[in-house]
Amino acid sequence: MGNRIVVVEDEALIVLDIEEAVLGAGCEMVGYAKTIAEAHDVLDTVSCDGVILDANLNGESVRPIAERLKAANVPYMVVSGYSREQLDFLDESAVLVAKPFNFEQLTASIRNMVASG
């Protein structure tokens with residue numbers, strides 16, 4: 001398999017769609033978390049080449065995870081219904097894919113994320 005991807009998303013059906021896009025991008029989903037605490041646990045135990053984040057997990061911002069990834073130079077992208085202006089933790093270089101997402105767009109964004117890392 002290709003690059004190793006962790007998904008941080010609180011909606012199970014969306015996780016399935018994201019996993020399909022991860023596989024379509026030639027990557028492997030090696031971890032999944034639905035809360036901030038679970039995301040920290042997964043990142044403590046799994047090595048990965050990139051992370052796909054939902055911006056909001058049951059009302060809690062993923063800012064701490066994004067900051068951790070940025071500090072560790074781990075590429076990440078955000079999949080969210082929020083706009084860039086609403087996500088104050090995103091810098092200009094961060095990839096934001098809007099929900100509901102287009103499968104081809106998400107797959108291409110995953111490929112670009114791992115290529116840039």
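The values are calculated or read from the model by the stated rules, or taken from the named source; none is laboratory data. Note that the structure is a prediction, hence the values are computed from the model and not measured. Note that each Cβ is placed from the backbone with ideal geometry, even for glycine, and that neighbours are counted across all protein chains shown. Just so you know, the surface numbers come from the protein's heavy atoms only, side chains and all, with ligands and any DNA or RNA stripped out. Shrake-Rupley method; radii C 1.70, N 1.55, O 1.52, S 1.80 Å.
Structural remarks
- The set of residues from the stretch 70-98 being open to solvent by 50 Å² or more (accessible area, probe 1.4 Å) and touching a Gly at 6+ places or on another chain (Cβ under 9 Å) comprises ASN73, ALA98.
- Of all the numbered requirements in (1) in a helix (DSSP H, G or I); (2) small (Gly, Ala, Ser); (3) in contact (Cβ under 8 Å) with a residue 60 or more places away in the chain, GLY26 misses one, and that requirement is (1).
- Looking only at the stretch 101-112, residues that are touching a residue at least 12 places away in the same chain (Cβ under 8 Å) and open to solvent by 90 Å² or more (accessible area, probe 1.4 Å) come to 2 in all.
- Identity of the residue in the stretch 53-67, polar (S, T, N, Q) and under 21 Å from LEU16 (Cα atoms), that ends up surrounded by the fewest Cβ atoms within 10 Å (Cβ to Cβ): ASN58
- Residue, most open to solvent (accessible area, probe 1.4 Å), within the stretch 1-18, restricted to residues that are in contact with a Phe, Trp or Tyr (Cβ under 8 Å, 6 or more places away or on another chain) and in a helix (DSSP H, G or I): ASP17
- Candidate set: the stretch 23-38, residues that are open to solvent by less than 20 Å² (accessible area, probe 1.4 Å) and touching a Gly at 6+ places or on another chain (Cβ under 9 Å); chosen: the one nearest to ASN3 (Cα to Cα): CYS27
- Count of the stretch 29-56 residues which are of a type outside the set (Asp, Glu) and outside any helix (DSSP H, G or I): 16
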